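Here is the structure we will look at.
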Amino acid sequence: MRVLALTHGPSVGPGVFGDAVQAAGHELVEWPVQLGGRAPEGADAVIVLGGAMHPAEDERHGWLTTELRWLEGLLDRGTPLLGICLGSQLVARAAGAEVFRSAESEVGWFPVARTAAAADDAVVGALPERFDAFQWHHYTHTLPAGAVELARSAVCTQAYRVGNAWGVQFHPEVRAEQVEEWLSEDPEDVPDPSALRIATRERIAGWNELGRVLCSAFLAVA
């Protein structure tokens, strides 16, 4: 199976999702959307990763409009699709949801709980009923028409399914090295970088295993 990963910057790659794709014997192809060009053809499943930009900044990042139209086509065709953070917001927007600045930002480790609907979901159902998730976002979204909410935090929707697409607001793919890159790129987002580093050292190994489990569940469905 050919898995296409859409990236939106050099520090927001597939992380441990790459491990899961390799372990399952699939091919992983990355497409840096912000650099332009056509999407690689022949993808059997698509993962839309995060980025430092926001999901409604079309005027600042003109390629967002092109990506949204492309995602709409994937949704129409029923291509297996998994969105992460910005990617989740873009998939939701492509499905008709409204995106907007969240009442509170979530940067760091925050509790997340699955909804009752997630128990029977083939992807998010692979996660524990409650877990602390690594987050880095300032925007959120409404649920698209026909979508099912699969997880929530105290602030916003954390996971959903619409058709053959899933979105998660947290970052299940992130490695410790990526966290360090993000801290250097956006230090103003984190009031206490030292506390975040300590929490990440304590939790990242277990979090990376959950990330591989989630990606493996998506690949199995795809």
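The values are calculated or read from the model by the stated rules, or taken from the named source; none is laboratory data. In this text, all values refer to a predicted model and were calculated from it rather than measured experimentally. Please note: Cβ atoms are built from the backbone with ideal geometry, for glycine as well, and neighbour counts cover all protein chains shown.
Can you name the residue in the stretch 18-42 that is surrounded by 15 or more Cβ atoms within 10 Å (Cβ to Cβ) and touching a Phe, Trp or Tyr at 6+ places or on another chain (Cβ under 9 Å) and, of all such residues, is farthest from Leu68 (Cα to Cα)?
Ranking the qualifying residues of the stretch 18-42, first place goes to Ala20.
All but one of (1) buried (at least 21 other Cβ atoms within 10 Å of the Cβ); (2) closer than 25 Å to Glu177 by Cβ; (3) without any contact (Cβ under 8 Å) to a residue 60 or more places away in the chain hold for Ala97, so report the exception by its number.
(2)
Identify the single condition in (1) among the hydroxyl-bearing types (Ser, Thr, Tyr); (2) free of Cβ contacts under 8 Å to residues at least 60 places away in the same chain; (3) surrounded by fewer than 20 Cβ atoms within 10 Å (Cβ to Cβ); (4) closer than 26 Å to Met53 by Cβ that Thr140 does not satisfy, given that it satisfies every other one.
(3)
Count, please, the residues in the stretch 14-54 that happen to be outside any loop (DSSP other than H, G, I, E, B) and in contact with a His (Cβ under 7 Å, 6 or more places away or on another chain). Walk me through how you get there before you give the answer.
Here is the first cut: in the stretch 14-54, the residues outside any loop (DSSP other than H, G, I, E, B) are 17-23, 27-35, 45-48.
Now narrow it down to the ones that are in contact with a His (Cβ under 7 Å, 6 or more places away or on another chain): 33-34.
Qualifying residue count, the stretch 14-54: 2.
Could you tell me whether Phe218 is assigned to a helix (DSSP H, G or I), surrounded by 12 or more Cβ atoms within 10 Å (Cβ to Cβ), in contact (Cβ under 8 Å) with a residue 12 or more places away in the chain and within 14 Å of the chain's Cα centre (by Cα)?
yes
Inside the stretch 1-47, can you point out the residues that are farther than 20 Å from Val221 by Cα and acidic (Asp, Glu)?
If the condition is that a residue be farther than 20 Å from Val221 by Cα and acidic (Asp, Glu), then Glu30, Glu41 are the ones that fit.
Taking the stated definitions as given, is Val16 at pLDDT 95 or above, within 25 Å of Gly211 (Cα to Cα) and within 14 Å of the chain's Cα centre (by Cα)?
yes
For the structure I just gave you, tell me whether Val91 is touching a residue at least 24 places away in the same chain (Cβ under 8 Å), of a type in the set (Val, Ile, Thr) and in a helix (DSSP H, G or I).
Answer is yes for this residue.
Does the stretch 59-80 contain any residue that is closer than 17 Å to Gly13 by Cα, touching an Asp or Glu at 6+ places or on another chain (Cβ under 9 Å) and not β-branched (Val, Ile, Thr)?
Checked against the condition, which is being closer than 17 Å to Gly13 by Cα, touching an Asp or Glu at 6+ places or on another chain (Cβ under 9 Å) and not β-branched (Val, Ile, Thr), the stretch 59-80 yields no hits at all.
Please give the number of the condition Ile198 fails out of (1) in contact with a helix residue (DSSP H, G or I) (Cβ under 7 Å, 6 or more places away or on another chain); (2) of a type in the set (A, V, I, L, M); (3) in a helix (DSSP H, G or I); (4) surrounded by fewer than 16 Cβ atoms within 10 Å (Cβ to Cβ).
(1)
When the residues of the stretch 166-215 are filtered to those that are under 17 Å from the mean Cα position of the chain (by Cα) and polar (S, T, N, Q), which remaining residue is farthest from Gly146 (Cα to Cα)?
For the stretch 166-215, the residue satisfying everything is Gln178.
Scanning for something under 25 Å from Leu74 (Cβ atoms) and in a loop (DSSP other than H, G, I, E, B), does the stretch 123-133 turn up at least one residue?
yes
Select, from Glu67, Glu72, Glu57, the only residue that is assigned to a helix (DSSP H, G or I), more than 19 Å from Leu143 (Cβ to Cβ) and charged (D, E, K, R). Full working, then the answer.
Details: Glu72 fails: more than 19 Å from Leu143 (Cβ to Cβ); Glu57 fails: assigned to a helix (DSSP H, G or I).
One residue alone meets the criteria, Glu67.
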